[in-house]
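To start, the structure itself, in structure tokens.
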Amino acid sequence: PARMGLPALALLLASGLLHTQASPSARSFQLDYEHNCFRKDGVPFRYISGSIHYARVPRPAWRDRLLKMYMSGVSTVQVYVPWNYHETLPGVYDFTGNRDVEAFLDLTAELGLLVILRPGPYICAEWEMGGLPAWLLWKPDINLRTSNPAYLAAVDSWLHILLPKIKPRLYQQGGNIISVQVENEYGSYYACDYGYLRHLLGSFRALLGSEVLLFTTDSTRAEELRCGTLQGLYATVDFGPGSNVTEAFGAQRRVEPKGPLVNSEYYTGWLDYWGEAHASTSTALVARGLEDMLQLGASVNMQVSPFLQLTSLPWPGADYKDQYKPVTTSYDYDAPLSEAGDPTEKLFAIRTVISKFQPLPVGPMPPASPKYAYGWVALQKVSAYPKGCTALAWHCSTAQPPPISLQYADLLDVLDVLSPSGPIQSQFPLTFETLKQVHGFVVYHTQLPWDVPDPATLGVPPHSIHDRGYVMLQKEYQGRLERDGQTTLHVTGRAGDTLDILLENMGRISFGANTSDFKGLLGNLSLNSRPLSNWLIYPLATDTAVQQGWPHTALPKSSSGGRVGPAFYTGTFETPGIAWDTFVKFPGWSKGLLWINGFNLGRYWTCRGPQQTLFVPGSVLHVGHPNNITVLELEGAPRTPLLLFLDRPLYNRTLGCSTMATE
């Protein structure tokens, strides 16, 4: 109750605050409405900023990436804080290791960079559920991003944990955080709930104080600016290359007639969806748009450095644009600073533009990180090795390695390992949220209730598969059911035959009309329109099992003789005395997940594309002893299941299983 009262008290402080110019203190960051600029310590100031997502960059690479951004000429970095990355379960917080946001912010200060913080609570960022925790959906009748009491209580509880960590790092407190965004692109959300924005404003003021500059970001559309802005929060806009800069800032001027011009998200690239072409944005167009904005005196934040998805769980989100559109594992969408931290032609073009408006740091740009093409790697020892290959794994310079055998296990044979608490009995299927399963997979198991001698239709109601189901009858793979795709299969069998559906969460919606994206079987499965019942439901803790050393500690023999359907493949390889960054290609594989030494490196989907490789940072590799590889293939492994380690990423220019991957 005390927490719920803070926003109302703080609104007395917030009202009209940003429209009053106070006398600058020794350290101040303020709006100057008379001269249409920021003032830092009383001096006119404009920032040139780049976005970096600490949650997508392995901690050992934080310094390298930040230093490269600094040397590119940016004075400021913009930083998202994903709520669900830190509050993994209600009241369970993690700020250790790669999640140590305070250490990351302290490193930015050490390197002389200012920070624009974007703590949400919703952030989008192409991140699972836009950073909102999936456990919010466990609450009945919750209404996200609104004044719903259950939602506000969870938000307030989170902000009381996060914002006290932020306050000592505000610029006015001697730190380097010059401004803080409240929510994100709220105008694009259906709710248009000003009471919600007022509540957030009050909470931020109560916990951060009256001096910090708070702002919003929305597109240039009039309707979105109407619903996403609020008095007391400085309104900024976002737009990309090719936009008419004068018109775009004209939209900002309609809601902020005075004050600095700000583009909070200048898109130097665009996102990739599975099944669509790899994004590419013209370097010349990016440079020209940046120069046009800087000539107007605007402050700009660029999406300079989208990086990899290296976390303990895969976190890519999805958009909803007439259909469900999951985003790729890699966050390198033709970025100026690549997934592996390599400066690109686009980065140097941006650096050249910046040099026309302010001095660049003295010294050379740090070089690209070293890469190594470890070559072909098989997932099991073999008894004979061709010349030029290592003894612990295939590591060959030959274009085509010889056939090998492979140790593997069907997923259905190891449910006791993956679901140690056992199944949940239910008359009808339950969603991930009902099961309190946040990520990953759930197995739904039942039996055919009658003989099916002739092909019968196994199907689900429309919009009931979230997101992808892999169907096995008597442990034999039958095919898949897919959200916004195929929702029926034809099967035959006998009464009592086992029926299993492995349901995959492909990422909760991070941008779209509604972020309440429930997962699993949302409706009942039927056979010739007759509902099936009596389910055993297994929530799978796959990541936990792999992180604890399984299956390398004890991989059982499979009961199946085929390599079609969900199965684990495992093996080891050694590096030749170095642990450099590398990229893994999956020749002939279909779709699945990769772990190396317990690190979940994300999803591959070779037939769907465009991404054909997964980035492996050298920091996850071992030198001097074997590296454990685990692959969960969901549809079908190649006859000769090998991985190929390269020194560069690959993408499809055209899509489909028969197409060639290109650089």
Sole exception among (1) of a type in the set (D, E, K, R); (2) closer than 22 Å to Cys192 by Cα; (3) open to solvent by 10 Å² or more (accessible area, probe 1.4 Å) for Asp94, by number: (2)
Test: Phe518 is in contact with a strand residue (DSSP E or B) (Cβ under 8 Å, 6 or more places away or on another chain), buried (at least 16 other Cβ atoms within 10 Å of the Cβ), at pLDDT 90 or above and of a type in the set (Phe, Trp, Tyr): no
Pairs where the first residue, in region 448-473, is under 29 Å from Gln437 (Cα atoms) and the second is crowded, with 20+ Cβ neighbours inside 10 Å and polar (S, T, N, Q), C-beta under 6 Å, 6+ apart: Val471/Gln478
Number of the condition not met by Tyr171 [criteria: (1) farther than 18 Å from Ile123 by Cα; (2) among the aromatic types (Phe, Trp, Tyr); (3) surrounded by fewer than 19 Cβ atoms within 10 Å (Cβ to Cβ)]: (3)
Subset tally (residues that are under 24 Å from Ala409 (Cβ atoms), open to solvent by 10 Å² or more (accessible area, probe 1.4 Å) and of a type outside the set (Gly, Ala, Ser)) for region 594-645: 15
Selection status of Ala235, of a type in the set (Gly, Ala, Ser) and either touching a residue at least 40 places away in the same chain (Cβ under 8 Å) or part of a helix (DSSP H, G or I) (or both): no
Selection count where residues are within 20 Å of Asn184 (Cβ to Cβ), in contact with a strand residue (DSSP E or B) (Cβ under 8 Å, 6 or more places away or on another chain), of a type outside the set (Ser, Thr, Tyr) and assigned to a loop (DSSP other than H, G, I, E, B), scope region 243-297: 6
Elements of type strands (runs of 3 or more DSSP E) in region 69-120, at least 1 residues being more than 20 Å from the chain's Cα centre (by Cα) and in contact (Cβ under 8 Å) with a residue 60 or more places away in the chain: 76-80, 114-118
Top-ranked residue of region 582-593 - restricted to ones that are out of contact with any Leu (no Cβ under 6 Å at 6 or more places or on another chain) and of a type in the set (Gly, Ala, Ser), ranked as least open to solvent (accessible area, probe 1.4 Å): Ser590
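The values are calculated or read from the model by the stated rules, or taken from the named source; none is laboratory data. Since we're looking at a predicted model, the values are computed, not measured. Because the Cβ atoms are built from the backbone with ideal geometry, glycine has one as well, and the counts that use them run over all protein chains shown. We work out accessible area using only protein heavy atoms, side chains counted, and drop any ligands, DNA or RNA first. Shrake-Rupley method; radii C 1.70, N 1.55, O 1.52, S 1.80 Å.
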